[in-house]
Amino acid sequence: MYGKYGQADKVRRVKEEGRDSGHDIDESVRRLVAASATGIPCNPVREHLGSVNLEAAYLVQCEVNRQRIQRGGRTVGRKIGLTSASVQRQLGVSQPDFGTLFADMWYDTGDAIATARLLQPRVEAEVAFVLGADLVDGPMDLDQIRGSIESVTAALEVCDCRIIDWDISFSDTVADNAAAGLFVLGQTRRTLREVEPRSVTMSMMIDGQEVATGTGRDCMRDPLNAVVWLARTARTLGDPLRSGEVILSGALGPMADVQPGTRVTCYVSGLGSVSTRFY
């Protein structure tokens, strides 16, 4: 975002405006970085940013991610959050957001996940896309997005909030990299000639019990609509989507808490299953 975490003039201007209006970008960054480092959730950052300050919150996200990259982190894609009405109701927000995916977040189906590396994990089922083309120029309409998709797969996203008790406003979740934690990709890969994302159905089970259901239409009426929104937003912020990136398009149903010993399996029609175990 902001040109691969650049645009120093924008950063400087937002910080200066923040001082005039009571916003504190640096303290928000410090709080979230400390929560990740210590494993201890922090107080909400909205007291420093305001509850709906999109620009300042994305600036915090970019700075936290820039520091992660400086420590050796490698980006592999993006996640779109808050696309499902059920999740919006759960968290008390009303619009999408997005975050950055890093290589060390990536698991494949069947892999086990250590809960020790997470703070407050919740899991949700999604459709994931792998891009086969850059999304830099053009109208960023549905036709262009469809043409850019290389493959589609079922996915589990393990959301993880650095804010204590998931006590978040829109600014909190944006600043917190859209609550990105980890993600698990299924083995089955399909093209858009083989599966229509808006028509899929989903069932997510925890320890053999169904805890969530949904359809592709529960994600902004079509998961591809979510990618359209992301492509336009990312380009506007100076960090367009690139070929090879993994895109988590957003929840198809409500999130569920997980803990050590939990086994999660998700079935998505046309895309097979994806599963993981927490220990």
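Just so it is clear, none of the values below were taken in a lab; they were calculated from the coordinates. No experiment lies behind these values; they were computed from the predicted model shown. Here the Cβ positions follow ideal geometry from the backbone for every residue, glycine too, while neighbour counts run over all protein chains shown.
The table below gives the values:
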item	result
Whole-Hz ³J(HN,Hα) from phi, Karplus 6.51 cos²θ - 1.76 cosθ + 1.60, for the stretch 194-204, glycine and proline x	9, 8, 10, x, 5, 9, 6, 10, 10, 9, 10
Cα long-axis angle, helix 54-70 against the chain (0 to 90 degrees, to the nearest 10)	80 degrees
In sequence order, calculated HN-Hα J values of the stretch 97-111 (Karplus, 6.51, -1.76, 1.60; Hz; x Gly/Pro)	9, 8, x, 9, 9, 10, 4, 7, 8, 8, 10, 9, 3, x, 5
Net charge contributed by nearby residues that have their C-beta within less than 13 Å of Gly186 (K/R +1, D/E -1)	-2
Gyration tensor verdict on the chain (Cα atoms; rounded if a/c is under 1.5, prolate if a/b is larger than b/c, oblate otherwise)	oblate
Trypsin sites (Lys or Arg not before Pro) restricted to DSSP loop in the stretch 144-219 with at most 12 other C-beta within 10 Å	Arg193
Theoretical gain in end-to-end length, Ser243 to Leu54 [0.36 nm per residue, Cα-Cα removed]	65.4 nm
Peptide ranges 169-178, 77-86 listed from the most packed, as the mean C-beta count within 10 angstrom indicates	169-178, 77-86
Label-reachable residues, the stretch 34-69, where backbone N falls under 13 Å from a point 7 Å from Ile164's Cα toward its Cβ	35, 40-45
Amide H within-cut-off set for Ile163, under 5 Å, with H built and near neighbours excluded	Cys42
Student exercise, the stretch 96-178 dipole from Lys, Arg, Asp, Glu Cβ charges, in Debye to nearest 20	180 debye
Using alpha-carbon coordinates, inclination of helix 223-236 to the longest axis of the chain, degrees	30 degrees
Residue-wise HN-Hα coupling along the stretch 274-279, computed from phi with Karplus coefficients 6.51, -1.76, 1.60 (Hz; x: Gly, Pro)	9, 8, 7, 10, 9, 9
